[in-house]
Amino acid sequence: MGAQARSLTAVEDCARRVAERHNVSEIRIPALERLELFQHSSGETSDIVEKQMYSFVDRDEAETTIALRPEGTPGVVRAYIEAGLDRSDPEQRFYYVGPMFRRERPQKGRFRQFSQFGVEIFGRPDPATDAELMLMVDELRRELGLELMFEINSLGDAECRPRYRHAVLEYGRAHLGELCEDCRHRLERNPLRLLDCKIDVKLAEAAPKSRDYLCDNCRAHFATVRELLTDAGVPHAVNPRLVRGLDYYTRTTFEVTSTAVGAQSAVAAGGRYDGLVESLGGAAVAGTGFAIGVDRLALALDAAHFASRADAALAALGDAAMRRAMTLAAEMRAAGLRVELLSPGRGLKALMRRADKIGARYAVIIGDNELASATVALRDLKTSTQSEVAQADLIAALSAAGANRRA
Ligand code: HAM
């Protein structure tokens, strides 16, 4: 509520503007999907599918198992294939925003219901698209005035990734006795997860690095992504342990972190998933995307910035003044100002307390005298100075004072 809700909306609105500027269009996807969709895309051995999904058996005849979506990518891919776009018009650019659900132990920045803003681009296998996605996050960062760090990696493709997977598997087998329970349990099925283990950090650091196993095409792709990011002035670091918790990634993966949100520092993440459309029954179409954790970015924003939002409080003293105040308030709002018409029947002191509470920069006061002279008393609540302004000049005076520049 209040400032918190406003900062979530501010992040979402800003992300929409950035996406629209990149000619990305909105897609609305359902919050409920069949469980298998996530098993077949996010991955059987991902934490999401193994431990974090909320699912239930529907009462239909087939007793379908339904899940609350833990992420947006699989639903977008399903909708894309169902609409036949993979064959009729494969190059598509979508964004979505909405709630996601994961069974978590709630803490700062980690919720069981949270909002993601995601972008998914289909039919673009080129490295410029990977770089463009990170540029979108960077534009968002600039507009919100945040400091964020970008980390990237390449996991290789269908040609070179199996070699890398095998090398990590062999490495894991050689260190089996030292692995944590989770890593041991999933080593044979998903050895790469060993690399981002929070427990086996030393082992993960010494593990084989994907860059040493990339084929020429993947190496060139990764080098171009990095060059384009450097040209665009997006500072980034290569993190060879960035394998991500979801199974569908190929080639570029990235994660964006903030130091302002505590332990849950990842505020956005994404990467390329060139085999996913095909593996879900569609054509062989490239895919790449990212999702922002809206709640985490909102936490990183200065909440105080969103706390004081009213530009002006309009105080009417008496019934006749109130009628004029209603029309003045409408004119001020039409000029883009955020105005609260204060509750009538209270004394000036109580009215000014309310003006203060809603963080108004200006109070516009109108009583019988002002009514007679077609003026208002305009009080700057920051400097505690007051002047008489003609009602006809009020909007110009407020604009000249920068009342609608929220700082
Ligand atoms: P993800 O890394 O699982 O990727 O989630 C993306 C972002 O969602 C995270 O970086 C984080 O900011 C936020 N997030 C995740 N879990 C929580 C939580 N429990 N509470 C608050 N925020 C959370 C994906 O979901 C992929 N679908 C991203 C993607 C799109 N890759 C390609 N396209």
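The values are calculated or read from the model by the stated rules, or taken from the named source; none is laboratory data. Just so we're clear, the structure is a prediction, and the values are computed from it rather than from any experiment. All Cβ positions, glycine included, derive from the backbone under ideal geometry; neighbour counts span all protein chains shown.
Data table
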item: Residue that is within 24 Å of residue 283 (Cβ to Cβ), away from the ligand (no atom under 16 Å from the Cβ) and surrounded by 13 or more Cβ atoms within 10 Å (Cβ to Cβ), where the choices are 34, 69, 6; result: 34
item: Any hit, the stretch 118-137, residues being within 9 Å of the ligand (Cβ to nearest atom), of a type outside the set (A, V, I, L, M, F, W, C) and buried (at least 18 other Cβ atoms within 10 Å of the Cβ); result: yes
item: Candidate set from the stretch 254-274 (those that are under 19 Å from residue 118 (Cα atoms) and among the small types (Gly, Ala, Ser)); member that is farthest from the chain's Cα centre (by Cα); result: 271
item: Number of the condition not met by residue 20 [criteria: (1) within 23 Å of the chain's Cα centre (by Cα); (2) surrounded by 12 or more Cβ atoms within 10 Å (Cβ to Cβ); (3) in a loop (DSSP other than H, G, I, E, B); (4) not aliphatic (A, V, I, L, M)]; result: (3)
item: The stretch 80-100: number of residues that are buried (at least 17 other Cβ atoms within 10 Å of the Cβ) and either under 22 Å from the mean Cα position of the chain (by Cα) or polar (S, T, N, Q) (or both); result: 9
item: Residue count for the stretch 352-387, restricted to those that are over 19 Å from residue 327 (Cβ atoms) and either of a type in the set (D, E, K, R) or surrounded by fewer than 11 Cβ atoms within 10 Å (Cβ to Cβ) (or both); result: 11
item: Filter result (touching a helix residue (DSSP H, G or I) at 6+ places or on another chain (Cβ under 9 Å), more than 25 Å from residue 225 (Cβ to Cβ) and either at pLDDT 95 or above or more than 13 Å from the ligand (Cβ to nearest atom) (or both)) within the stretch 90-111; result: 97, 101, 102, 103, 111
item: All positions within the stretch 104-117 that are surrounded by fewer than 15 Cβ atoms within 10 Å (Cβ to Cβ) and either over 16 Å from the mean Cα position of the chain (by Cα) or outside any strand (DSSP E or B) (or both); result: 105, 106, 107, 108, 112
item: Matching residues in the stretch 116-145 - criterion: being farther than 16 Å from residue 235 by Cβ and small (Gly, Ala, Ser); result: 118, 123, 128, 145
item: Residue in the stretch 68-82 that is over 21 Å from residue 27 (Cα atoms) and either of a type outside the set (A, V, I, L, M, F, W, C) or part of a loop (DSSP other than H, G, I, E, B) (or both) present; result: no
item: Candidates 165, 87, filtered to the one that is of a type in the set (Lys, Arg), away from the ligand (no atom under 13 Å from the Cβ), in contact with a helix residue (DSSP H, G or I) (Cβ under 7 Å, 6 or more places away or on another chain) and outside any loop (DSSP other than H, G, I, E, B); result: 165
item: Selection within the stretch 132-162 - in a strand (DSSP E or B) and either modelled with pLDDT under 95 or of a type outside the set (Gly, Ala, Ser) (or both); result: 149, 150, 151, 152, 153
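Yes or no, residue by residue, for (1) more than 8 Å from the ligand (Cβ to nearest atom); (2) farther than 25 Å from residue 205 by Cα:
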site: 249; (1), (2): no, no
site: 256; (1), (2): no, no
site: 262; (1), (2): yes, no
site: 274; (1), (2): yes, yes
site: 280; (1), (2): yes, yes
site: 288; (1), (2): no, yes
